[in-house]
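For reference, the structure is listed below as structure tokens.
Read-outs throughout are calculated quantities, based only on the coordinates presented, and are distinct from any laboratory measurement. Remember, it's a predicted structure, so these values are computed and weren't measured experimentally. Positions of Cβ are backbone-derived with ideal geometry, glycine not excepted, and every protein chain shown enters the neighbour counts.
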């Protein structure tokens, strides 16, 4: 009789554990999807001319994206939103970007050869980016090529290039296994 009572108590416990594991697993999958969406949007913003680049901050929650930060025109604000909406998995975009007119300092004009060497040095300094190459530089536009092991590393390569003096824009043909 006592054995039967233990068996009847273990079934609900087993069902409860299965449900709990399914919920936790779904939460982990959702967090992964949101990370993927955020990374894809940041890459798109940084490689789309007129979309705000580093000025736009991105947060994702269950496919709902929030953009925030400051940009210098209404056109940039609209372009950032349109760019985010074009990313797969995005269900909604809340655009909280603020338009702030600031005197913009002129970009430091550097020789393309110097920019290319600087970006190559910066990429080589990071072991995760050793397969990313500078295809070309034209008037401060850096074109990256090669392979990255993840979307995070692809984003890291683009951000690394932007960190080099004289870089005005970055375009990417970097391939990853993650699409």
What FRET efficiency, computed as 1/(1 + (r/R0)^6) with R0 = 22 Å and r the Cβ-Cβ distance, is obtained for residue 109 and residue 150, rounded to the nearest 0.05? 0.05
Once the piece of chain linking residue 75 and residue 130 is laid out straight, how much longer is it, given 0.36 nm per residue of separation minus the C-alpha distance between them? 16.2 nm
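Using a ≥ b ≥ c from the Cα gyration tensor of region 112-172 (square roots of the eigenvalues), is it rounded, prolate or oblate, where a/c under 1.5 gives rounded and otherwise the larger of a/b and b/c decides, a/b for prolate? List each step's numbers first, then the result.
Numbers: a/c = 1.82, a/b = 1.61, b/c = 1.13.
Note, shape of region 112-172 comes out prolate.
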What full-extension length gain, to one decimal in nm, is calculated for residue 165 and residue 141 as 0.36 nm per residue of separation minus the Cα-Cα distance? 7.5 nm
Starting from the Cα of residue 120, step 7 Å along the direction of its Cβ; do the same at residue 176; then give the gap between the two resulting points in nm. 2.6
